[in-house]
């Protein structure tokens with residue numbers, strides 16, 4: 001199915017609105033794993049949303065740090081925060097995969113035990 005250019009632009013605008021709406025929750029550390037994954041993926045390819053989070057981060061963190069007399073590199077700090085988010089996503093995904101494997105193995109062992117007991 002071919003998507004028209006205007007429809008593609010509308011979808012991109014809607015994606016940007018959704019992502020920009022998540023910025024305050026991201027800065028407070030309140031996104032779900034799924035939301036964080038979409039958020040960081042979108043920021044990698046969207047300069048407009050990247051600019052929005054930089055502005056929001058500046059307003060959220062920069063003013064407080066300047067008032068406290070701290071030296072800051074907002075761009076580097078934001079990059080670190082985004083990198084930490086991506087690392088957390090990776091670790092949580094790996095953890096969930098491990099849990100699913102353990103649960104699957106436990107169910108398999110339980111079924112095997114029941115089958116062995118019913119045969120004897």
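Looking at 33, 78, 27, can you tell me which residue is in contact with a helix residue (DSSP H, G or I) (Cβ under 7 Å, 6 or more places away or on another chain), at pLDDT 85 or above and exposed (fewer than 15 other Cβ atoms within 10 Å of the Cβ)? Full working, then the answer.
Numbers: 78 fails: exposed (fewer than 15 other Cβ atoms within 10 Å of the Cβ); 27 fails: exposed (fewer than 15 other Cβ atoms within 10 Å of the Cβ).
Going through 33, 78, 27 in turn, the sole match is 33.
Is it true that residue 61 is more than 15 Å from residue 22 (Cβ to Cβ) and exposed (fewer than 13 other Cβ atoms within 10 Å of the Cβ)? Walk me through it before giving the result.
Working: more than 15 Å from residue 22 (Cβ to Cβ): yes; exposed (fewer than 13 other Cβ atoms within 10 Å of the Cβ): no.
For residue 61, the condition - more than 15 Å from residue 22 (Cβ to Cβ) and exposed (fewer than 13 other Cβ atoms within 10 Å of the Cβ) - is not met.
The values are calculated or read from the model by the stated rules, or taken from the named source; none is laboratory data. Please read these numbers as outputs of a predicted model, since none were measured by experiment. Using ideal geometry, Cβ is built from the backbone for each residue, glycine included, and neighbour counts are taken over all protein chains shown.
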